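Structure first, commentary second.
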2 protein chains.
Amino acid sequence: MMNNDFEFIVNELRKAPEVALFSHVSPDGDCMGSMLALGLALKKMGKTVYLFNPDLVPHNLDFLPGADLVRNILPDPLPQTLCFVDCTDLRRVNLKISQFSKDAVIINIDHHISNQRFGMLNCVQSDASATGEIIMALIKELGVPFDQEIATDLYTAIVTDTGSFQFSNTTPKTHRLAADLLESGIDLLQIHHRIFDQKPLAQIELLSRALKGLKLYAEGKLSVMTLNKNDFVETGAHDSLSEGLINNARSIEGVEVAVLFKEIEERIIKVGFRSNLWFDVNALASKFGGGGHKRAAGCTMEVPLGEARKSVIKAIEEELSLGRGY
Amino acid sequence: MMNNDFEFIVNELRKAPEVALFSHVSPDGDCMGSMLALGLALKKMGKTVYLFNPDLVPHNLDFLPGADLVRNILPDPLPQTLCFVDCTDLRRVNLKISQFSKDAVIINIDHHISNQRFGMLNCVQSDASATGEIIMALIKELGVPFDQEIATDLYTAIVTDTGSFQFSNTTPKTHRLAADLLESGIDLLQIHHRIFDQKPLAQIELLSRALKGLKLYAEGKLSVMTLNKNDFVETGAHDSLSEGLINNARSIEGVEVAVLFKEIEERIIKVGFRSNLWFDVNALASKFGGGGHKRAAGCTMEVPLGEARKSVIKAIEEELSLGRGY
């Protein structure tokens, strides 16, 4: 089933004495776990390995084995072999092709269907639930056994990109790979505890305030939550802690559209939109100068909170009253 | 690896023309999915099957194939073969042994370590992540193929009892069984949408009230939420809608033990316990006449709410002050 340049990549990595690995900005569990697993495997093969991420390692992933090796400056000089994991294109690492020497061997390993095949050697498998699935096959082919450290990195890659085996990219193969990784003696509890739990108390307090003010409109098809400036000040929560809150509004029975208003400053209102089955929130957000995807979008409005609420709710109610477009 | 009376149970179910299946009060995905899967399999074998649950099927599980067959009154007369799934003892189904005829064949299939082995035939496998794992082996042994309906019930049993493969009861075997079930063509998105989204508004309101009263003890290692009788009355929420709420208390940074007190009646307090890394809540719950697992347990106390809170919090604080036992 291995397609693309998989075998060529195995050969290139086998013979390279030095390899630089790259993962994308705003790193997630998949790009970080994939890069670290491959990096540790190559080190075990006796190679010199450089690990690069423009944003370094986020707090919830800094327990991953090898995380201490990640740098946000390029090695100088760059090795000849450069391997990009989970990056659709070079902009995802804030780099340009002109930064590399002409005889650099650029390897591109990814599972995004939109991958630009920017490498000299490309392995893009869009049926893989995570880039970690491809890296797992690669490490196996390189003949490096899965120790607990490598398995922890690979498991994290898979569990984060599948939403803990819930997203539609999860396949029977995904579960069988997870089974193999569990057999390497990884500490499941510790991994989940670090990735999914460990929420700051301020985040829970923010959730509590958001829920308290939750209101339904349009016969229950629209749910709205609001956090004003005071909610952030009094809980001590940074705006980033409000990420994911909107799903509590989205997951109410009968709701099609969920909105979260956040008063960042007095006349700076960030608005998040989610929809469940048919409402195009990208189109809606673009009416207010924002954008995103059909089911998840956002915009920023420079008006008082009350005014923002009024006009957004009115726009959605109008759209909902037209009904589902088919 | 099949221990206990597994083979005897297979034989008994093979020869029985009529079987009544029982699952526990406050039904969860495991007991309901397990009972329905076995019920559908036995029906496929041409048997008459009765499905009993004292509380019927909760809203979030009513999409499960076979859910419409569940009754909360006992068949009269009872068949000779009675099979209890996921029940530690008969009190879990609000029944007494004296309600059965002396020649009844009581089958007890469970994965709780605290199971009372109340059956004539007992299959208790505490290393199974869910009773659904045992039922899956049983159906296989009975020679019934896993169609999409049975697979949906079994997958739901496993995914709910493992917290989507996150809890420590998840094993390599669990993942391999899930892989097999995915191959039966189950609708992963639909299952997760129904189980984890689609929450009644009352459930969100219950969460809001639980969060509002959340308090930390023992230097932040213990988090406590409380729902009193009024919270249920005013939100119109049934007790079953409080399932999962406790995880909001458990997932706070620094918390080791989480407790949820629910005042069902004035002197009937249901207490749920969860722990993160080391605290044995099964041992704790057993001090109050309950039980369960090391990381998830519960008990019912027949005292006023304030008294229940006081004695449980005190017991946990004492245990926590002794520190981690190694």
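Laboratory data are not the source of any read-out in this text; all were calculated from the coordinates shown. What you see is a predicted model; the values in this text were computed from it and never measured. Methodologically, a virtual Cβ is constructed for each residue, glycine included, from the backbone with ideal geometry; neighbour enumeration extends over all protein chains shown.
DSSP assigns beta bridges within the protein assembly as shown; of those with both partners inside it, close to 40 percent run antiparallel. Extension gain for the segment B:Asp103 to B:Asp197, taken as residue separation times 0.36 nm less the Cα-Cα distance, is 29.4 nm to one decimal.
Going down the list A:Lys270/B:Lys215; A:Lys270/B:Lys221; B:Lys43/B:Lys140; A:Lys140/A:Lys173, which pairs span over 25 Å between their C-alpha atoms? Where the Cα-Cα span goes over 25 Å, the pairs concerned are A:Lys270/B:Lys215; A:Lys270/B:Lys221. Taking θ as phi - 60° and the Karplus parameters 6.51, -1.76 and 1.60, the scalar couplings of segment B:191-204 work out to 4, 5, 4, 6, 7, 9, 9, 6, 7, x, 3, 4, 5, 5 Hz in sequence order, x denoting glycine and proline. Rounded to the nearest 20, the Cβ-based charge dipole of chain A about its Cα centre (Lys and Arg +1, Asp and Glu -1) stands at 580 debye. The relative contact order of segment B:166-322, computed from alpha carbon pairs under 8 Å that lie at least 6 residues apart in sequence, is 16 percent. When the square roots of the Cα gyration tensor eigenvalues are ordered a ≥ b ≥ c, the ratio a/c for chain B is 1.5 or more and a/b exceeds b/c, which makes its shape prolate.
In this structure, the amide hydrogen of B:Leu51, modeled 1.01 Å from its nitrogen in the peptide plane, lies closer than 5 angstrom to those of B:Leu21, B:Arg71, counting only residues at least 5 positions away or on a different chain.
For segment A:1-71 versus segment B:32-111, the inter-centroid distance based on Cα atoms is 52 Å. Remark: label point of A:Asn230 defined 7 Å out from Cα along the Cα-Cβ vector; separations to the same position in other copies 2.2 nm, ascending. Label separation (B:Lys212 vs A:Asp127): 5.2 nm, computed from points 7 Å beyond Cα along the C-beta direction. Comparing A:Leu74, A:Leu154, A:Leu51 in a Gaussian network model of chain A, where Cα atoms under 10 Å apart are tied by springs, the biggest mean-square fluctuation is seen for A:Leu74. Computed from label points 7 Å out along Cα-Cβ, the spacing between A:Gln80 and A:Asp55 is 3.4 nm. Taking all Cα pairs closer than 8 Å and separated by 6 or more residues, the relative contact order of chain A comes to 12 percent. What is the helix-to-structure angle for A:6-15, meaning the angle in degrees between its Cα long axis and the longest Cα principal axis of chain A, kept from 0 to 90 and rounded to the nearest 10? The angle comes out at about 60 degrees. Relative to the longest principal axis of the Cα atoms of chain B, the long axis of helix B:305-322 makes an angle of roughly 80 degrees.
Once C-alpha pairs closer than 8 Å and six or more residues apart are averaged by separation and normalised to the residue number of segment B:6-196, the relative contact order reads 24 percent. Neighbour counts of C-beta atoms inside 10 Å place A:Lys314, A:Lys212 in the sequence A:Lys314, A:Lys212, starting with the fewest.
Pairs with C-alpha atoms separated by more than 22 Å, drawn from the list B:Lys96/B:Lys262; A:Lys212/B:Lys229; A:Lys229/B:Lys262, are B:Lys96/B:Lys262; A:Lys229/B:Lys262. Counting from the shortest, the label point at A:Ile113, 7 Å from Cα toward Cβ, is 4.6 nm from the same position in each remaining copy. Label-point spacing for A:Thr48 across the identical copies (point 7 Å from Cα in the Cβ direction), in nm and ascending order: 8.1.
Computed from Cα atoms, the angle from the helix B:148-161 axis to the main principal axis of chain B rounds to 30 degrees.
The ranking of B:Asp187, A:Asp180 from fewest to most other beta carbons within 10 Å of each one's beta carbon is B:Asp187, A:Asp180. Take the alpha-carbon centre of segment A:125-146, take the same for segment A:256-285, and report the distance between them in whole Å. The distance from the Cα centre of segment A:125-146 to that of segment A:256-285 comes to 38 Å.
Among rounded, prolate and oblate, which fits segment B:144-212 when a ≥ b ≥ c are the square roots of the eigenvalues of its C-alpha gyration tensor, a/c under 1.5 means rounded, and a/b larger than b/c means prolate? Verdict is oblate for segment B:144-212.
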